[in-house]
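K.L.:
Structure in structure tokens, see below.
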């Protein structure tokens, strides 16, 4: 019998497959296609203190084996989440994790405190890596001092499982990972999107209204694997790997590099069933290869 | 009426070109099709096209429930649609469908459908359903020249066909809004439906508004998921940014900020 369960902080997940924030709505959007409860956890949209309209259209550009987005954290704010969305999420038996975003530390704290009171939200993912907002967002995640400061502050205000999502748009991701671990994060997820841009030659304009955006999809998988491997070697807390995962094989590559769990992001746009397919294919792989648990394979990359 | 969205394989039962860059794909399913509203769309997976990472959102041109066939009217604009044009009869095509909200269907009323370019795609199925609802259907198709007026015979089956071309090679000469149908007694129509270039739809919507007639337009913003998850395809509405894929692609023009100018 295969046991795919993993622990992330105080969270026990039935399998290591999660969905990445901003790619899975609130789960409802996928109810027609999969049994959301078959997943280890879902991470719902980035939620901020105030409602946000996000950036102007166009917010998306298709790129070779990937896409750029500049959505800019469109959401209706934490109060709407608590009153209108949270009650609808109670139908899910799997863990529902909220991605927490903001411009100022006080805003992150406000949202984190509200979520701390919601019984059925067992964890948050602190987004200090959104490249698509003018203030805050990625700015917190690109210096060790600010990453440590915000993690410490939220740690004090939030006593359930705290995941911190890191940006790849930094010189040394391991330095950031270490200060975030020291500041009290229970787990680290990476990578958020890589800053990029797309140009329309005909109009001689950038494709995105914001000029730059965040690149995701298989195009970024090699960068994500490298960073996950480096961070796994630098911290003791569990690492959640993401970046271009399209199959169980991709997911297993991240686990080989040391990831305890994985998030499926952009792939959800192309095949809304993919997350559940990956759970199924992981089971098959474990059975075929006589693996009993994630620990039988996690971090077993042979480098010499 | 929320119909469950499906992700399924279809096989190509027919494909024919209307001109060098426009073709119709007929996609057959083995089972009965779910109820599909005119104006709804599909997200088509394009295989073996390295630069086509995302599915292609395409509006539903027609539905044949007897034979379980969905027709798509496709213009080749890039690698994805070019790959689709190369598919052969019996090739498999994976689609997510039916997506979005369609047009409001009038009953026993006189209605005007206006289409330009590949914007005529959803109007065929719309005209069919309106005729079924005992509406008196006028269909105005517009193009630069007679070469751009495609499928006229198909549209004729469901209503009275009007044509306008910029060079006057077919029908009246001029832009769509210069057609005589807009010059006299527009109030006889209970609703005007429009699909085509955004400026064309804005111009038609302005005339409808001036005549105090409800008008609906179908938008085609670029999208990634088609199911309301990515929030990439938003349009400015009176209620803020809304996803074209779930709140649209059909909107009442009075809801859209860019249509109020």
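K.L.:
Taking segment A:53-75 as the region of interest, how many residues are assigned to a loop (DSSP other than H, G, I, E, B) and either closer than 22 Å to residue B:258 by Cβ or at the interface with another protein chain (Cβ under 7 Å from one of its Cβ atoms) (or both)?
P.N.:
Quick first cut of segment A:53-75, residues assigned to a loop (DSSP other than H, G, I, E, B) only: A:53-59, A:64-65, A:70-74.
Now restrict to residues that are either closer than 22 Å to residue B:258 by Cβ or at the interface with another protein chain (Cβ under 7 Å from one of its Cβ atoms) (or both): A:53-59, A:64-65, A:70-72, A:74.
So the count comes out to 13.
K.L.:
Can you find a residue in segment A:106-121 that is within 16 Å of the chain's Cα centre (by Cα) and within 27 Å of residue A:272 (Cβ to Cβ)?
P.N.:
Going through segment A:106-121, the residues within 16 Å of the chain's Cα centre (by Cα) turn out to be A:121.
Now drop any that are not within 27 Å of residue A:272 (Cβ to Cβ), which leaves A:121.
Taking every residue of segment A:106-121 in turn, at least one turns out to be within 16 Å of the chain's Cα centre (by Cα) and within 27 Å of residue A:272 (Cβ to Cβ).
K.L.:
Considering each residue of segment A:260-299, count those that are under 20 Å from the mean Cα position of the chain (by Cα), free of Cβ contacts under 8 Å to residues at least 60 places away in the same chain and either outside any helix (DSSP H, G or I) or away from chain B (no Cβ under 14 Å) (or both), and give that number.
P.N.:
Counting residues in segment A:260-299 that are under 20 Å from the mean Cα position of the chain (by Cα), free of Cβ contacts under 8 Å to residues at least 60 places away in the same chain and either outside any helix (DSSP H, G or I) or away from chain B (no Cβ under 14 Å) (or both) gives 2.
K.L.:
When you look at residue A:148, is it assigned to a helix (DSSP H, G or I) and either within 15 Å of residue A:102 (Cβ to Cβ) or within 14 Å of chain B (Cβ to nearest Cβ) (or both), yes or no?
P.N.:
Numbers: assigned to a helix (DSSP H, G or I): yes; either within 15 Å of residue A:102 (Cβ to Cβ) or within 14 Å of chain B (Cβ to nearest Cβ) (or both): no.
Judged against the criteria, residue A:148 is not a match.
K.L.:
Are there any strands (runs of 3 or more DSSP E) wholly within segment B:145-261 with 1 or more residues that are more than 14 Å from chain A (Cβ to nearest Cβ), surrounded by 17 or more Cβ atoms within 10 Å (Cβ to Cβ) and out of contact with any helix residue (DSSP H, G or I) (no Cβ under 8 Å at 6 or more places or on another chain), and if so which? Reasoning before the result, please.
P.N.:
Values: elements: B:160-165, B:191-195, B:215-218, B:234-237, B:240-243, B:250-252.
Passing ranges, in order: B:191-195, B:250-252.
Yes/no matrix, rows are residues, columns are (1) within 11 Å of chain B (Cβ to nearest Cβ); (2) at pLDDT 95 or above; (3) closer than 15 Å to residue A:238 by Cβ; (4) surrounded by 21 or more Cβ atoms within 10 Å (Cβ to Cβ):
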{"site": "A:1", "(1), (2), (3), (4)": "no, no, no, no"}
{"site": "A:6", "(1), (2), (3), (4)": "no, yes, yes, yes"}
{"site": "A:9", "(1), (2), (3), (4)": "no, yes, yes, no"}
{"site": "A:12", "(1), (2), (3), (4)": "no, yes, yes, no"}
{"site": "A:17", "(1), (2), (3), (4)": "no, yes, yes, yes"}
{"site": "A:23", "(1), (2), (3), (4)": "yes, yes, no, yes"}
{"site": "A:31", "(1), (2), (3), (4)": "yes, yes, no, no"}
{"site": "A:42", "(1), (2), (3), (4)": "no, yes, no, yes"}
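K.L.:
Ok, one more. Taking the stated definitions as given, is residue A:223 touching a strand residue (DSSP E or B) at 6+ places or on another chain (Cβ under 9 Å), in a helix (DSSP H, G or I) and surrounded by fewer than 24 Cβ atoms within 10 Å (Cβ to Cβ)? Before you say what the answer is, go through the steps one by one.
P.N.:
Details: touching a strand residue (DSSP E or B) at 6+ places or on another chain (Cβ under 9 Å): yes; in a helix (DSSP H, G or I): yes; surrounded by fewer than 24 Cβ atoms within 10 Å (Cβ to Cβ): yes.
Yes; evaluated as a whole, the condition is true for this residue.
K.L.:
Another one. Given A:79, A:84, which one is without any contact (Cβ under 8 Å) to a residue 24 or more places away in the chain and either in a helix (DSSP H, G or I) or over 23 Å from residue A:220 (Cα atoms) (or both)? Let's see the steps before the verdict.
P.N.:
Values: A:79 fails: without any contact (Cβ under 8 Å) to a residue 24 or more places away in the chain.
From the options A:79, A:84, the qualifying one is A:84.
For every residue, the table says whether it meets (1) over 13 Å from the mean Cα position of the chain (by Cα); (2) assigned to a strand (DSSP E or B); (3) farther than 29 Å from residue A:63 by Cβ.
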residue	(1), (2), (3)
B:35	yes, no, yes
B:62	no, yes, yes
B:73	no, yes, no
B:97	yes, yes, no
B:125	no, no, yes
B:140	yes, yes, yes
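K.L.:
Out of curiosity, is residue A:134 farther than 28 Å from residue A:16 by Cβ and modelled with pLDDT under 95?
P.N.:
Numbers: farther than 28 Å from residue A:16 by Cβ: yes; modelled with pLDDT under 95: yes.
Taking the combined requirement at face value, the residue satisfies it.
K.L.:
Can you tell which of B:237, B:222, B:246 is closer than 23 Å to residue A:215 by Cα and either within 19 Å of the chain's Cα centre (by Cα) or free of Cβ contacts under 8 Å to residues at least 60 places away in the same chain (or both)?
P.N.:
Numbers: B:237 fails: closer than 23 Å to residue A:215 by Cα; B:246 fails: closer than 23 Å to residue A:215 by Cα.
Selected residue: B:222, the only one of B:237, B:222, B:246 that is closer than 23 Å to residue A:215 by Cα and either within 19 Å of the chain's Cα centre (by Cα) or free of Cβ contacts under 8 Å to residues at least 60 places away in the same chain (or both).
K.L.:
Just checking, does segment A:228-242 include any residue being within 14 Å of chain B (Cβ to nearest Cβ), in contact (Cβ under 8 Å) with a residue 60 or more places away in the chain and in contact with a strand residue (DSSP E or B) (Cβ under 7 Å, 6 or more places away or on another chain)? Talk me through it step by step, then tell me what you get.
P.N.:
Looking only at segment A:228-242, we keep the residues that are within 14 Å of chain B (Cβ to nearest Cβ), and these are none.
Scanning segment A:228-242 turns up no residue that is within 14 Å of chain B (Cβ to nearest Cβ), in contact (Cβ under 8 Å) with a residue 60 or more places away in the chain and in contact with a strand residue (DSSP E or B) (Cβ under 7 Å, 6 or more places away or on another chain).
The values are calculated or read from the model by the stated rules, or taken from the named source; none is laboratory data. Only a predicted model underlies this, so the values are computations on that prediction, with no experimental measurement involved. A quick note on method: Cβ atoms are made from the backbone with ideal geometry, for glycine too, and the neighbour counts reach across all protein chains shown.
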